[in-house]
């Protein structure tokens, strides 16, 4: 948890004192390490380690000079003034000698932001390495003064399997996370503050910084867009609520049914239900969507629509009527999700202390009372955090919506920017990222808003859950 | 007096029988509802009549032709091998990454631990798909000639694996620390403790991680459709993307029954694998759910 400001500044002050004081007090080798990384290490018998620091410094300077520096300049060019990202737009150039127009490629705004973010991150990393190298250099001076021998390179390597094993283990996973999650995510967050969409597609055009304009638009500035956003958000929350609770209670009831003493072939029943989890979702959802297709005529419709028509004489207008589509989606989601929560619930149900049931039976409670006074409170207590995780998971449940209805039915009067009436924020984001409706700035704004919703919900729970706060002692 | 007890017992017994009958009826009905769509998929894969829509649940003409067509006249075998390849490689990388990160966060105390865990918690709250436009650009830069390739898919599926360390960390937290300490006193290094002491005890979580990460590429549609959007060589597809295309408006009349056959071919091994390792899956998800 964040430390308070006072102690933060105290620590910062101490660090600065160490840094500058260390420079003033240090001998030539230590002073040299402030400029040439690894200088002190090389002078004091840690040649290999020192050379590696030196190489890092050279590589960093070369990166900035040859590559990163120019992008950094263009990145900040219009950042504070709301100017364009990059300066030269792709344009035609009349070549007198050949007598034709030539395309002169200009700046690629997107690449500028991407590389700008990358460069800033690399500078931060370099600063951390630099600071630790000069700190080591100061410590090395003290070690030598005290008459001890500095640690050799072989021991450094051995440490990677022992004292510093965590660094070895974390290196590659964190590199992957950094390159393919952190940098892209920061880039896309910045895109929310630009006007990047199909009309400013790179590399033909430049886009520019617009501050919070997109957020203003979606939160009320642009009536059509904010109306669409509110409708999609509303359905997303309604969907997440129903999807979470129907699955949770469905799963619990199913688990209670199967766990009863009278049930024979428990394993067989469990296997039947688990089969729907095991089948890949795109298979089970796509076949469901085709069974529910409402076509131009009965012969061109899915089998369920035909059956409903034949048996009840009613039309199941899946993908045509808004409410019926939404209800069907929630029902199909139960088919997909109830077995999953059944698995989780059966495990927990078996852990409910038998004495609780015993005493309630002695008190004369029937099965219904037992459920509401013993089972349900216990389950809610134990699985509270799980419910929230599920809720957030359902907000982001791309598969069920996209593979079942694809967002249909559309409603051009009430929805703009490619959204349809059963779209969730996440499927809308997907549509805005590719295809005819692509609008990257809007997609990024939606991504950030989804984050804010998830973060708020999680904070509510995490603050209450002692398991998280006392994570260290909890083990 | 004795007679009374007998009637009460008899009443209870009757009630129990009634209860048993209702429960079994309800469960059987539910089981049927759950199985019918899957059954439909299987029987349709043997349907002889052409076209997408049928008016009967069971086919009128039974045939194996859809399977023959699937294997000899479509690119499905290629997609299947693509998916298998991507799944195996990304499963190996993901499993190693997840185990490494979760073990370190569970066992080693170092200064950056808390900040890192907090940052990763925050990163995980953004929709995973949001960063894809930038990832697409990055891949284009890193693999200029082949960014729409299986290599890109492997990167997309496994590079961010560290974020899903929670379940495995929860497991490692329950392995007694005394084991490590005893081994350290005997002179084992930290890496020896991990490989020789902890991993052999963690079979269930290793299998859970392998299972989850192997199945993910078979089920993913969103990432593969984005990476491969507009690609001209359909031989690069994975099963989910290729089969999705078969059900689009222009193709469905021709390919619906082939889709069903393909779905059976994809689902049977995955389902079998899942059923076989179900115990580990259940342990994993319940552990994760209870800890939150």
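Computing Rg and the Kirkwood Rh from the Cα coordinates of the protein assembly as shown gives a ratio, Rg/Rh, of 1.01. The distance between label points at residue B:145 and residue B:14 comes to 8.5 nm (points 7 Å beyond Cα on the Cα→Cβ vector).
How big, on average over all directions, is the shadow cast by the Cα convex hull of chain B, in nm²? With every direction weighted equally, the projected area is 25.9 nm². Modelled spin-label separation between residue A:307 and residue A:19, with each label point placed 7 Å from Cα along the Cα-to-Cβ direction: 7.0 nm. Arranged from fewest to most other beta-carbon atoms within 10 Å of their beta carbon, A:235, B:276 become B:276, A:235. Between residue A:96 and residue A:199, what is the FRET efficiency for a Förster distance of 30 Å, r being their Cβ-Cβ separation, to the nearest 0.05? Between residue A:96 and residue A:199 the formula returns 0.40. Would any residue of region B:133-175 have its amide N under 18 Å from a label point 7 Å out along Cα→Cβ of residue A:171? List them or say none. B:162, by backbone N distance to the label point. Run the helix sum for chain A: -39,500 (n - 2.57) per DSSP H stretch of 4+ residues, divided by residue count, reported at 222 nm to the nearest 500 deg cm²/dmol. It comes out at -21000 deg cm²/dmol, rounded to the nearest 500.
Note on chain B: helix-only mean residue ellipticity at 222 nm, from DSSP H runs of 4+ residues weighted -39500 (n - 2.57) and normalised by residue number, equals -23000 deg cm²/dmol. With axes computed from alpha carbons, what is the tilt in degrees of helix A:376-395 against the longest principal axis of chain A, rounded to the nearest 10 within 0 to 90? Its long axis makes an angle of about 70 degrees. Working from Cα pairs under 8 Å separated by at least six residues, relative contact order for chain A is 14 percent. The P(r) of region A:23-211 has a tail past 28 Å containing 47 percent of all C-alpha pairs.
Per-residue shielding of B:33-40, expressed as the average number of other chain Cβ atoms within 10 Å of the residue Cβ, stands at 6. Relative to the longest principal axis of the Cα atoms of chain A, the long axis of helix A:322-351 lies at roughly 80 degrees. Applying 0.36 nm per residue to the separation of residue A:241 and residue A:127 and subtracting their alpha-carbon distance, the gain on full extension is 36.5 nm.
Counting other Cβ atoms within 10 Å as a rough exposure proxy, the listed residues B:225, B:90, B:102 run B:225, B:90, B:102 from fewest neighbours to most.
If the segment from residue A:87 to residue A:61 were pulled out straight at 0.36 nm per residue, it would be longer than the present Cα-Cα gap by 6.9 nm. Based on Cα contacts under 8 Å between residues 6+ apart, region A:23-211 shows a relative contact order of 27 percent. What whole-number distance in Å separates the alpha-carbon centres of region A:109-157 and region A:1-44? The two parts, judged by their Cα centres, are 12 Å apart. If you plug the beta carbon distance of residue B:56 and residue A:223 into 1/(1 + (r/R0)^6) with R0 = 51 Å, you get a FRET efficiency near 0.55. Exposure proxy shown here: for B:205, B:197, A:104, the number of other Cβ atoms within 10 Å sets the order, fewest to most, as A:104, B:197, B:205. What FRET efficiency comes out for the pair residue B:119/residue A:331, r = Cβ-Cβ distance, R0 = 56 Å, nearest 0.05? Computed FRET efficiency for residue B:119 and residue A:331: 0.90.
Taking label positions 7 Å along the Cα-Cβ direction at both residue A:154 and residue B:192, the computed distance is 1.7 nm, reported to one decimal. Taking chain B as a Gaussian network of alpha-carbon nodes connected by springs under 10 Å, the highest mean-square fluctuation of the residues B:267, B:134, B:18 belongs to B:18. Compared with the dominant Cα axis of chain A, that is its longest principal axis, helix A:266-278 is turned about 50°.
Each value in this text was obtained by applying a stated rule to the coordinates, not by laboratory testing. Since the structure is predicted, the reported quantities are computational estimates derived from the model, not experimental observations. Positions of Cβ are backbone-derived with ideal geometry, glycine not excepted, and every protein chain shown enters the neighbour counts.
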